[in-house]
Amino acid sequence: MLAEKLLLNLLITISPVLLYSVLSDYKRKLDSPVISGLLQSTAALSCMIFSYANYGFNWDLRYVPMIIAFLYGGPIAGGMVFSTIFAARLLMGGDTVLFGLVNTLFIAIIPLLIMKRFWNYTPNQRVLITALIGAWSLLVCFFSLTVHQSLEGQELNINTNIPDLLIVGIIDTVAIAIAAKLLEGLVERARMKVEIQRTEKLNTLGELAASIAHEVRNPLTVVKGFLQLMQQEEKGKNYDYLSLVLSELGRAESIINDYLNFAKPQFEKIEEFPLVDVITEVKMLLDPLALKQGVQLESDLDSGGFNLFTDRNQLKQALVNLIKNAIEATSEGGKVTITLKQIDHHAYIYIADTGKGMNHEQLSRIGTLFYTTKDKGTGLGTSVSLRIIETMKGKVSYSSKLGIGTEVTMILPEGKKELVNI
């Protein structure tokens with residue numbers, strides 16, 4: 001009977017995730033902690049209704065939805081489930097009502113404390129942490145049972161009714177692991193959906209930009225050629241004007257080249273080189289700019305022989321743009337730090353500044369054409385840099401806090417000529 005009730009509870013605990021995955025495709029407003037809290041509260045209440053009474057306690061999986069709600073839904077969703085369980089246990093009453101309330105409080109403490117750091121872990125680590133917190137809930141319940149039995153006059157010892165302990169422990173662990181794994185699937189699907197939409201948008205913009213840039217560059221080249229001929233023959237005051245016009249034409253050509261590079265980065269010279277050498281060159285190149293801005297530019301580079309096989313100049317351009325952005329975002333007296341680490345055949349480059357930082361909306365728009373947080377600029381430099389790194393099979397991510405600063409994380413896979421030619 002215990003196994004049947006707990007298996008029914010297992011289905012109840014995973015039903016909110018399944019329901020959410022179906023409905024979220026049709027209603028964007030379902031992506032809300034209140035909706036998550038309502039679904040998980042209903043699941044917790046249903047588990048309490050279909051519980052198994054033994055040893056003076058009601059055995060069910062009510063704490064699984066609460067743990068899931070705190071970790072994946074946040075404090076609002078978790079608080080709703082906690083309140084539901086607390087109120088329902090008060091209404092149920094009984095001799096062990098105080099134990100039930102204390103259990104709920106103690107079990108809620110751990111996910112409440114860890115939820116802020118929860119999303120810093122990898123998906124598999126998050127599933128493991130969720131399962132461990134589920135094990136914590138079991139320990140609290142069994143300890144509560146032992147205390148209750150001792151207060152009833154029984155000898156103070158841990159109940160070793162192995163079949164029941166195994167059934168409760170196994171089903172509870174399986175239930176919380178399945179729920180966490182399903183939620184990680186939803187998180188990954190949502191992330192992939194956003195990434196696909198972003199990629200499609202960038203491809204469309206890239207094709208449009210390349211088409212326009214190509215058509216504009218041809219007449220500009222002709223105009224520039226005739227102006228250069230005129231400048232050679234000009235001896236009077238118009239010489240300076242022609243120099244200014246040619247300079248501005250050169251700037252226009254540079255912007256057009258950025259558009260073309262954004263559409264499809266051209267890797268003209270592929271070679272093998274140490275990554276640390278390129279970062280050192282870029283730092284030396286940008287040291288004068290940092291000095292002019294009153295910003296301290298530091299580096300901590302792991303020279304572990306990490307090599308790349310790609311276009312050195314394109315990578316250099318991407319690094320210059322990203323580090324330059326960090327310097328320009330940092331006020332006088334601040335610091336920009338470049339860190340290079342090698343982990344499992346991947347290079348991790350961290351560019352951290354102590355600048356003004358960005359809010360969530362600004363972070364979500366980084367890399368979009370024409371978007372920039374600077375007073376002057378087109379946003380092309382960042383877009384081109386991200387495009388270059390993506391073409392190199394790398395990844396770039398941003399994390400930022402207002403008033404504290406921003407950190408750019410660039411991940412590049414190791415590449416060697418002999419590996420590429422296989």
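Here is how the numbers come out for the structure above:
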| quantity | calculated |
| --- | --- |
| Under Karplus coefficients 6.51, -1.76 and 1.60, residue-wise ³J(HN,Hα) of the range 383-400 in Hz, glycine/proline x | 4, 5, 4, 5, 5, 4, 5, 4, 5, 7, 6, x, 9, 10, 9, 10, 9, 7 |
| Residue pairs, from the table LYS116/LYS401; LYS356/LYS401; LYS283/LYS316; LYS269/LYS341; LYS335/LYS356, whose Cα atoms sit over 18 Å apart | LYS269/LYS341 |
| Solvent-accessible area per residue for the range 1-151 (1.4 angstrom probe, square angstrom) | 50 Å² |
| Extended-chain gain in nm, criterion 0.36 nm per residue less alpha-carbon gap, LEU363 and LYS316 | 14.6 nm |
| Charge tally in the Cβ shell below 12 Å around PHE99, where Lys, Arg are +1 and Asp, Glu are -1, PHE99 excluded | -1 |
| Accessible surface of the range 72-191 [probe 1.4 Å, protein heavy atoms]: carbon and sulfur percent | 71 percent |
| In sequence order, calculated HN-Hα J values of the range 103-110 (Karplus, 6.51, -1.76, 1.60; Hz; x Gly/Pro) | 4, 4, 5, 5, 5, 6, 4, 5 |
| With DNA, RNA and ligands ignored, accessible area of ARG191 (1.4 Å probe; Å², nearest 10) | 120 Å² |
| Length gained when the stretch ALA190-VAL216 is fully extended (0.36 nm per residue, less Cα-Cα span) | 5.5 nm |
| FRET efficiency, THR173 to SER299 (Cβ-Cβ, R0 56 Å, nearest 0.05) | 0.75 |
| Surrounding net charge for SER83, when Lys and Arg each add one and Asp and Glu each subtract one, Cβ distance under 15 Å | +2 |
| In nm, spacing of pseudo-spin labels at VAL34 and MET230 (7 Å Cα→C-beta vector) | 6.5 nm |
| Contour minus Cα-Cα distance for LEU18 and LEU90 (0.36 nm per residue) | 23.0 nm |
| Under 5 Å, built H, 5+ apart or other chain: amide partners of SER299 | ILE338 |
| Solvent-accessible ranking of GLU184, GLU271, largest area first, probe 1.4 Å | GLU271, GLU184 |
| For LEU183, net neighbour charge (Lys/Arg +1, Asp/Glu -1) across residues whose Cβ lies under 11 Å away | +1 |
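The values are calculated or read from the model by the stated rules, or taken from the named source; none is laboratory data. These numbers were taken from a predicted model, which means no experiment stands behind them. Positions of Cβ are backbone-derived with ideal geometry, glycine not excepted, and every protein chain shown enters the neighbour counts. Please note that ligands, DNA and RNA were not included when accessible areas were found on the heavy atoms of the full protein model with its side chains. Shrake-Rupley method; radii C 1.70, N 1.55, O 1.52, S 1.80 Å.
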